[in-house]
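Novice: The structure's right below; bear with me while I get my questions together.
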Amino acid sequence: MTDTTIFKARKIITMDPNCPEATHVAVRDGRILAVGDERCADGVGNVRVDERLSGAVLLPGFVEGHAHLMAGGLWDYTYVGYHDRTDPDGQHWPGLTTIEQVIEGLSQQAQKLEPGAPLIAWGFDPIFLSEERLSRHHLDRVGTDRPILVFFSNLHLMCVNGPALGMAGYDSDSRVEGVVKDADGQPTGELQEMAAMFPLMRRLGVDFRHLAQRESAIRAYGRMAVRAGVTTMTDLFSTLSDDDLAVMLQITAGSDYPLRIVPVLGAAGGQAEELAARAKALAAQSSDKLRLGAVKLLTDGSIQGWTARVKWPGYVGGQPNGLWNLAPDQIFELCEVMQREGIQMHVHTNGDEASEVAIEAIEAAARKHPWPGHRHVLQHCQMMGTDQFTRCAELGIAANIFANHIWYFGDQHAALTIGEDRARRMDGCRAALDAGVRIAIHSDAPVTPLGPLFTAWCAVNRQTMSGRTLGAAQRITTLEALYAITMGAAYTLKLDGEIGSIETGKRADFAVLGEDPTAVDPKSLKDVPVLGTVSGGEVHLT
Ligand SMILES: [Zn+2]
């Protein structure tokens, strides 16, 4: 007979209303056999009590419904972002808040490299720096004996030094779009978007798919997850070639791998029928820890990059409206085909015009091909108001809301992008819940750091970097936020029957915490220590 392990804890918060709190959970074959007190598994045969978690507070393993595998792979490069971050191995990287600090940080890193080896960095974000723009001249001070390449945090721009410009063949004669030039016609070192960036990345052997799909990146993703209490995480725009899939299936099959991954197939172009066929073929290959079959649609860009599509009155600085990554007619076509074929969609919408088009497209598809259980999800939902959330509730659309933006970019949104009035309603968790929408909240790692308790803190407090509360009316309670990072996110992945709460029959996935997040001051929610996770009954402590 199979052994049963009983984990004893200081407290177990289950997210199951039938038994909200417990002290013991019995696990067999990676699943929850019983929940309750020390007698919860009486009469089931051999029982082993595991005391390792007896001082800890257990919650359902956190579910990150919007992140990217690249968050693991980027740590192979040097972090030069404005905010402090912790890498997958727990090393703390202090934020670099001036260009001088960035130059200093890069110089230190250069000394650790072989002569001539490229120095590649990531996370730089000029929106937080009021000084001059980063240029090749700054990076040439770090060194001209090697190519130096600094990715901006959005990964749509980079700045490089003179030798790197030389490798790409960029000079005053270059006519490539996105090679930024100064008043004298010389490249500044800044390269914008893929046409300008790719030739150099190719020369240096850097590509985004490789950043995400190699074994070291997938393993780093798992270590990051353990540190954040996460047991299920998406990769929300995956290319998913057969080779990628084979690597992911093999790594996640190991009982030592601590994470369920939900890779979502990205719609890069408008080939709806091919995308649907591929999504269905992938769904058939799902395993316990690799869940396939959904697709991701990109609509607009980002608000802080002024590339999101926003409704009247547009951006407060008079910038032109943003751009469509998929044109509205392509969005309508993709929605119709996915709906017809029974494929769940995750639809990226930052601006309120993009949300409107996505809602219209899903409604049109639903009229042609009724499917009450589609559970399509709008991702980010940053500018949506009550009217749009109400339509989501009517149509059965869930919302995964980018709560971290309030802290990271809230001040910039109020001052620079959409103004105080619309910034107050941004990432409106309260409006969504009151309209009857099922919600999750997310980090979009690596855009902001993975950490569901921090994300919950953002939704509960709505504090910005300057320390003020932005949009007090949109705050939600600690319990609502904890639900959003467990059952709420599980719902958006159609995994709420398997994960998201601690109840009999579900996977034995737990977040192991040092304090009770429902007992601390809501202002301290982000500071509750994460000690590790239990994934499928296996304990992983940091
Ligand atoms: Zn994303």
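Novice: Of all strands (runs of 3 or more DSSP E) completely enclosed by the stretch 116-160, which ones contain at least 1 residues that are not hydrophobic (A, V, I, L, M, F, W, C)?
Specialist: Those strands (runs of 3 or more DSSP E) span 119-124.
Novice: Could you name every one of the strands (runs of 3 or more DSSP E) located completely within the stretch 2-69 that has at least 3 residues being at positive phi and within 29 Å of the chain's Cα centre (by Cα)?
Specialist: Of the strands (runs of 3 or more DSSP E) lying wholly inside the stretch 2-69, none has at least 3 residues that are at positive phi and within 29 Å of the chain's Cα centre (by Cα).
Novice: If you check residue 411 against the conditions, is it away from the ligand (no atom under 16 Å from the Cβ), without any contact (Cβ under 8 Å) to a residue 24 or more places away in the chain and out of contact with any strand residue (DSSP E or B) (no Cβ under 7 Å at 6 or more places or on another chain)?
Specialist: no
Novice: Can you list residue pairs whose Cβ atoms sit under 6 Å apart, with the first residue in the stretch 221-249 being within 15 Å of residue 510 (Cα to Cα) and within 16 Å of the ligand (Cβ to nearest atom) and the second being modelled with pLDDT of 95 or more and of a type in the set (Phe, Trp, Tyr)? Count only pairs 6 or more apart in sequence or on different chains.
Specialist: As it stands, the answer is 230/62, since those pairs meet every condition given.
Novice: Answer yes or no: is there a residue in the stretch 290-309 that is among the charged types (D, E, K, R), at pLDDT 95 or above and surrounded by fewer than 20 Cβ atoms within 10 Å (Cβ to Cβ).
Specialist: No: zero hits.
Novice: What residue, of 278, 260, is more than 16 Å from the ligand (Cβ to nearest atom), closer than 21 Å to residue 70 by Cα and either in contact with a strand residue (DSSP E or B) (Cβ under 6 Å, 6 or more places away or on another chain) or open to solvent by 10 Å² or more (accessible area, probe 1.4 Å) (or both)?
Specialist: Checking each option against the conditions leaves just 260.
Novice: Of everything in the stretch 509-525, what is in contact with a Leu (Cβ under 8 Å, 6 or more places away or on another chain) and surrounded by 19 or more Cβ atoms within 10 Å (Cβ to Cβ)? Give them in sequence order.
Specialist: 510, 511, 512, 513, 517, 525 - these are the residues of the stretch 509-525 that are in contact with a Leu (Cβ under 8 Å, 6 or more places away or on another chain) and surrounded by 19 or more Cβ atoms within 10 Å (Cβ to Cβ).
Novice: Also, I was wondering about something else. Can you tell me which of (1) outside any helix (DSSP H, G or I); (2) in contact with a strand residue (DSSP E or B) (Cβ under 8 Å, 6 or more places away or on another chain) is the one residue 165 doesn't meet?
Specialist: (1)
Novice: Okay, moving on. Pairs needed: first member in the stretch 348-367, closer than 19 Å to residue 440 by Cα and in contact (Cβ under 8 Å) with a residue 12 or more places away in the chain; second member anywhere, assigned to a helix (DSSP H, G or I) and of a type in the set (Ser, Thr, Tyr); C-beta distance under 7 Å; at least 6 residues apart or different chains.
Specialist: Filtered contacts from the stretch 348-367: 349/355.
Novice: Return the pair list, or none, for Cβ contacts closer than 8 Å from residues in the stretch 150-165 that are on the phi < 0 side of the Ramachandran plot to residues that are surrounded by 22 or more Cβ atoms within 10 Å (Cβ to Cβ) and among the acidic types (Asp, Glu), at least 6 apart or on different chains.
Specialist: Filtered contacts from the stretch 150-165: 157/190; 158/190; 159/190.
Yes/no matrix, rows are residues, columns are (1) in contact (Cβ under 8 Å) with a residue 24 or more places away in the chain; (2) within 27 Å of residue 265 (Cα to Cα); (3) β-branched (Val, Ile, Thr):
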residue	(1), (2), (3)
473	yes, no, no
487	yes, yes, no
492	yes, yes, yes
497	no, yes, no
506	yes, yes, no
522	yes, no, no
539	yes, no, yes
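Novice: Oh, and also: When residues of the stretch 50-72 are filtered for being in contact with a Phe, Trp or Tyr (Cβ under 8 Å, 6 or more places away or on another chain) and of a type outside the set (D, E, K, R), how many remain?
Specialist: 11
Novice: Please pick out the residue among 402, 454 that is aromatic (Phe, Trp, Tyr), within 16 Å of the ligand (Cβ to nearest atom) and out of contact with any Cys (no Cβ under 6 Å at 6 or more places or on another chain).
Specialist: 402
Novice: Report yes if residue 433 is open to solvent by less than 10 Å² (accessible area, probe 1.4 Å) and farther than 30 Å from residue 220 by Cβ, otherwise no.
Specialist: no
Novice: Given the condition open to solvent by 10 Å² or more (accessible area, probe 1.4 Å), more than 20 Å from the chain's Cα centre (by Cα) and closer than 26 Å to residue 364 by Cβ, answer yes or no: does some residue in the stretch 401-415 qualify?
Specialist: no
Novice: Scan 511, 489 and give me the residue that is closer than 25 Å to residue 212 by Cβ and in contact with an Asp or Glu (Cβ under 8 Å, 6 or more places away or on another chain).
Specialist: Just one listed residue meets the conditions, 489.
Novice: Which residue pairs have Cβ atoms under 7 Å apart, sit 6 or more places apart or on different chains, and have a first residue in the stretch 306-333 that is β-branched (Val, Ile, Thr) and a second that is open to solvent by 40 Å² or more (accessible area, probe 1.4 Å)?
Specialist: What qualifies is 307/323; 310/321; 310/353.
Novice: Further, regarding this structure: For the stretch 383-395, check the following and say yes or no: at least one residue is polar (S, T, N, Q) and either within 22 Å of the chain's Cα centre (by Cα) or part of a strand (DSSP E or B) (or both).
Specialist: Within the stretch 383-395, none of the residues are polar (S, T, N, Q) and either within 22 Å of the chain's Cα centre (by Cα) or part of a strand (DSSP E or B) (or both).
The values are calculated or read from the model by the stated rules, or taken from the named source; none is laboratory data. All of these numbers come straight from a predicted model, not from anything done at the bench. Glycine also receives a Cβ, built like all others from the backbone with ideal geometry; neighbour counts cover every protein chain displayed. Keep in mind that these areas ignore ligands, DNA and RNA; they rest on the heavy atoms of the full protein, side chains included. Shrake-Rupley method; radii C 1.70, N 1.55, O 1.52, S 1.80 Å.
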